[in-house]
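First comes the structure, then the notes that go with it.
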């Protein structure tokens, strides 16, 4: 991962703070032969980026934090609810053939299965490929027969972090994770209503948007 690129002046400020901390903005300005007003934007950028800490009546200190740590903290603070997208959902009695058509029409890698609005299973492209290559008549087989069933499905909720969901995608080697909310069923058990999904594309888009915001667009 490339490090954040600072201007020469910002790099000088960081080195000065490292060497003389705590140091006031006046002393930094004096050492750089600048006015405090001209220096203020650079100090603001470095403080907001987390490299410097400003303490009233004390001055600036170097935080010692790495770029990787700051990026990690930032991503951990982004919630699933902020990056999720709409899931493709079909009922358990949908025929495999119709589900495959839906998969291609919606251009997704995973279809979620529900029963009365409650998540019951998931089917991936690999699952569809396995049954399509066999001698099974996919026009007559309901998708509920081939799906991976609850509770063997990795799920996340809106309040989980983007870091957590990325970890689940990597750990389970899957294309996407359903976003759910808990609901109480008539039998007293807990079910899960599907409210969205987070896919590899969502994670990639998040990383791109972070970089795009930093670079000001292409």
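Every read-out reported here was derived from the displayed coordinates using simple, explicitly stated rules and does not represent laboratory data. A quick note: this is a predicted structure, and the numbers were derived from the prediction, not measured. In this analysis, Cβ positions are derived from the backbone assuming ideal geometry, glycine residues included, and neighbour counts consider all displayed protein chains.
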- Message: With angles folded into 0 to 90 degrees, how steeply does helix 67-76 sit against the dominant principal axis of the chain? Use alpha carbons for both and round to 10.
- Response: 40
- Query: Based on the Cβ-Cβ distance from residue 193 to residue 129, what FRET efficiency comes out when R0 is 30 Å, to the nearest 0.05?
  - Reply: 0.55
- Query: Fewest to most neighbouring Cβ within 10 Å: what's the order for 122, 58?
  - Reply: 58, 122
- Query: If you wrap a convex hull around the C-alpha atoms of the chain and split its volume per residue, what is the figure in Å³?
  - Reply: 165
- Listing 42, 137 from the residue with the fewest other Cβ atoms within 10 Å to the one with the most, what is the order? 137, 42
- Task: Going by C-beta contacts inside 10 Å, put 82, 164 in order with the fewest on the left.
- Result: 82, 164
- Note on the structure: Per the rule of 0.36 nm per residue minus the C-alpha distance, extending residue 57 to residue 136 adds in nm 20.8 nm
- Query: Roughly how compact is region 80-207, stated as its Cα Rg over 2.2 N^0.38 Å to two decimals?
  - Reply: 1.05
- Point-to-point label distance, residue 95-residue 205, nm (Cα→Cβ direction, 7 Å offset): 3.3
